[in-house]
1. Separation between the A:THR478 and A:ARG457 pseudo-spin-labels, each 7 Å from Cα along Cα→Cβ, expressed in nm?
2. Bin width 10 Å, origin at 0, all Cα-Cα pairs of the stretch C:212-253: what percent of pairs per bin?
3. How large is ³J(HN,Hα) for each residue in the stretch A:167-172, as worked out from phi by the Karplus curve 6.51 cos²θ - 1.76 cosθ + 1.60 (θ = phi - 60°), to whole Hz, x for Gly and Pro?
4. Taking a probe of 1.4 angstrom, what is the accessible area of A:THR393 in Å², to the nearest 10?
5. In 10 Å bins starting at 0, how do the alpha-carbon pair distances of the stretch A:269-396 split up by percent?
6. Grab the beta carbon distance between A:GLU306 and A:THR218, set R0 = 30 Å, and tell me the FRET efficiency rounded to 0.05.
7. Could you order C:LYS247, C:LYS268 so the one with the most accessible surface comes first? Probe is 1.4 Å.
8. Considering amide H positions built from the backbone, and no H for Pro or chain starts, which residues 5 or more places from A:VAL95, or on another chain, come under 5 Å of its amide H?
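The values are calculated or read from the model by the stated rules, or taken from the named source; none is laboratory data. What you see is a predicted model; the values in this text were computed from it and never measured. All Cβ positions, glycine included, derive from the backbone under ideal geometry; neighbour counts span all protein chains shown. Quick note on the areas: whole protein, heavy atoms, side chains included, nothing else; ligands and nucleic acids left out. Shrake-Rupley method; radii C 1.70, N 1.55, O 1.52, S 1.80 Å.
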Amino acid sequence: MSRIGVFVCHCGMNIAKTVRIDDVVEFAGELPGVVVAEGYKFMCSTPGQELIQEKIKECNLDGVIVAACSPLMHEKTFRKVAEGAGLNQYLLTIVNIREQCSWVIEDEDEATSKAKALINGAVYRTHLLAPLESRFIDVNPEAMVVGGGIAGIQAALELAATGKKVYLVEKSPTIGGHMAQFDKTFPTLDCSACILTPKMDAVLQNPNIDLMTSCEVTEVKGFVGNFDVTVKQKARYVDHDKCNGCLSCMEKCPGRGLSEFDEGLDKRKSIYIPFPQAVPQKPVIDRETCIYFKKGKCRVCEQVCEQDAIDFEQEDTYRDITVGAIIAATGYGLMDTTPLVQYGYGKYPGVYNALEVERLFNSTGPTEGKVVMKDGKEPESIAILHCIGSRDTNYHEYCSRVCCMYALKFAHLFKEKTSADVYQLYIDMRCFGKGYEEFYNRLLEENVKFVRGKAARVTDVTVSPDEEGKLIVEVEDTLSSQFMRLPVDMVVLSPAMEAQADAGEVARTFNIGVDKDNFFREKHPKLDPLSTTTDGVFLAGACQGPKDIPDTVAQAIGAAAEALTIVGKEQLELEAATVYVDPYVCCGCQNCVRVCTYSAPSFDVEKNVSEINEALCKGCGLCAASCPTGAIIARHFTNDQFIGEMEGLMEF
Amino acid sequence: MEFEPKILGIACNWCTYTGADLAGTTRVQYPHNVRVARVMCSSRVNPAFIFRAFQLGSDGVLIGGCEPGDCHYSTGNYYARRRLAITKKILEFAGLEPERFRVEWISASDGIKFAEVVKEFTEEIRALGPQTKFKVKKDIET
Amino acid sequence: MKDIENRLKQEAKRLLESGEAEVVLAYGRGYDEKHPMPYAAKAVSDVDNIVFDEYCTFNMTRYLTEYPLGTKIAIAVKSCDSRTLIVLMQEEKVKREDIVILGIPYRDMIDSKTGKAIDNSTACNLPNPVLYDILLGDEVTERDDGSPYDVLKELEEMELDVRWEFWSKEFSKCIRCYACRKACPMCYCDPCFIDQSQPRWADKSPSLESNLMFHLTRFYHLAGRCIDCGECSRACPVDIPLHLFHKKVSKECEEMFDQVSGMSLDDKQVMVDFKMEDSDEILL
């Protein structure tokens, strides 16, 4: 390149505040090969873009440098600008003088000289750039949603409604997720089942949705537009193609296991559907508790099944599915509060966690909706402890977001169903959503006692006769600075919503990132909250962070729209920065073949050189760095472009 | 004049470069001495780049990649880890202060770590003084 | 010694006669007794020219990559040389089934340049070949020579600046004749990175800077592959102790990645391999 234009953005005052634009423009204008250098207030605005296009034409530029914000922000924008003026989009270099310069350096001299050095590096690099051709690939029009909670259900329904085929993969035997366990939802007190079960049924009925329960994704290969996903169908020991859902097997089954759905508060059969409204209405056998699997005798279910659907020999099977886009909606786990021994969970029968309480309220739950404790008695006093494991630097620093609100909901339901005294032990009440503050105000009128302080300990060691037989919650009321001992019958813990225990593993399978708390990481917290760093993999719901149902559903619909931007297209443009082999330089060492994750390089024995299948290349450049002779040329990141850039960066 | 180190940074696009952006967006201040070149993956870094960077007059070279397990290309940084480790041993055996070469895993969400690393590294290099051993006395034509 | 030579000739003859080998890579007479030459016997009539004595230090594997893949080759190898074979096989530059390995159980060869015995301070000097088809004599018994890395002690203990003095003085001597590269069986790249013009990694003419770029990069290219035959140093006309640097890199590779180069056909080169559990501490 010999005719380079440098365009320096003020970004309002964001850059101009610390970088002396005029100084930088003057400097850039004198660099070798630079024929025009201009500054402008907002280079990304329409007039800014027009300025660049005008200069490209007027000065017949063959290279453009935009010194502005991060390339991760506007590289695509400016590439379009270049293309619009007839310049190949890969002849553009972005210099990041905002995030890497003006925003992190206070001193004007330092920021200005760094901006110059960065631009100098870009000029060296731009001289060596080559035009590249964009590549296009055909897109598989189908999509996959992983996780069958409310997020996955909503996303699948949305995508199916556009006519797209959707695979909905759920690891448990039913869809519904945590929401199916809830009795009421805050702040409207809608019956959770009443709003969820119709959606679950809609999934089952939708011809565009392939519902895959008891399934797990074990491998994801390929890329946006064409992911090759391997799904494991876990053995159910019931052939669902034959089963007609009469459930007579379940009736007769003598085996018993703890009900996962009822949080272990109740039992279920060994051949079971998780709850009466489960979807699909077809049972599975729990191998761990099945009498036949344990003792080798029984097979009662087999005898009663008229469909001949019981299959004790069934094994896990694997299915390969190709999809264009994937939505991860794998949900959350509730923190295990047993290690927080100060609260006595698991030690005192009167201490419950929030999901257990949900089941106590529910008419299909272990107590058929009656609030009675394990001893069969109705509690006379109840303390709801907020922020257990959340907002706590010993466990999770983050706010779990939903606990304040469900704690209020619990208080309301306790008041409705019992005559108990109800205490809320809170740090701050966080009622930020639509109608939430109003719900809080309503509860303030319902004779619920609010104590501002985090519970320190739950104990059964009594110090006075009126504490006898009670659980004592120790807390400092920080409004009155008084230390309190609250004698109660029932303690409800509000444990943190946390990332699923296997989130790290799942993230690796999908090749997406996790944040420090192991929640899946979004590409940009503000401007790209549903995307991940892997193109074509999107996020919905609590797998990305604690959130309530309205936010989850909104996110799911958004994720479906994101997925549609992929599967709605016939072809996708791919980054042109792949690698190729210069056969005259290749020494045939095959390092490239050995290191590539994507099997893009292969070796031609006849010619004694490597070749690249560019359709498989993702442009990481690993092979180029592994090539001793430099035969592998990483387009847009070639050895000489990189060395040139280094030289420019280090020159001044 | 006081010695101002010139440090070359090489950051992978997906984690460290994004993390550096985050440092910017959240206005975490750090020394101006590191000049970052972007690569798609830390595995793109050819050890010869490092030798060359020191010849070009870098007082220090800082390489940033994704945390192990988080590589956008799944395993690139595992290769980088081995290669850059041996690069450091080669530099040291040749007689260059190994402290002048540093590799850090900085995730996209860790703007603060990026700033901390730059601060610490810049101070270390400042204490070491100018790198003169590898620096080419006259320019090589490229 | 004479026995080995006789066995070598015998086997060479047999292999060429039977057609099991198209060529036998061994040693031939040079301009005097102390300077034998690499030798390729292509016909039975060539066999008489084969010699073996303590000056036959060459690592003949260096010539293997000159032949097209699939050529049936018999090759005489000593201990380190056999390790080269393993590396070349790992790299698929030669195929196990194409090679008849004539193992020479002999150590303490003599470097004709110095007149001194080669020990494990200048080469790996294992007593016997690691891999062979036919052993031309009885196995040499093990002997405790200490570690081949003991020789590094002095350099390792030097102050950084002193070590830089040492190496910059050594590298300044380099005349860029590339004898080291030519002698090295692993340096089969054609063209070598240093000979290219885009990018030009370093000046073509010798200077400390350009020599440094060449040698350091070459050390890196040999990392985890060098099997410590010492040919580079013996080939060097200005006596740069290149093998010491290679030894150091090998030692670090062994310590960091727990793998000794050229000892097992099942290994993968450490620089094109990784373990998830590699420690981050190796970067410190």
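1. 2.0
2. Over the stretch C:212-253, the share of Cα pairs per 10 Å bin runs 31, 60, 9 percent.
3. Coupling constants for the stretch A:167-172: 9, 10, 9, 10, 7, 8 Hz.
4. 120
5. Binned Cα distances yield the sequence 8, 24, 25, 27, 13, 2.
6. Details: r = 34 Å, r/R0 = 1.14.
Plugging the Cβ-Cβ distance into 1/(1 + (r/R0)^6) gives 0.30.
7. On the way: C:LYS247 0, C:LYS268 75 Å².
Most to least solvent-accessible, the answer reads C:LYS268, C:LYS247.
8. A:VAL66, A:ALA67, A:ALA68
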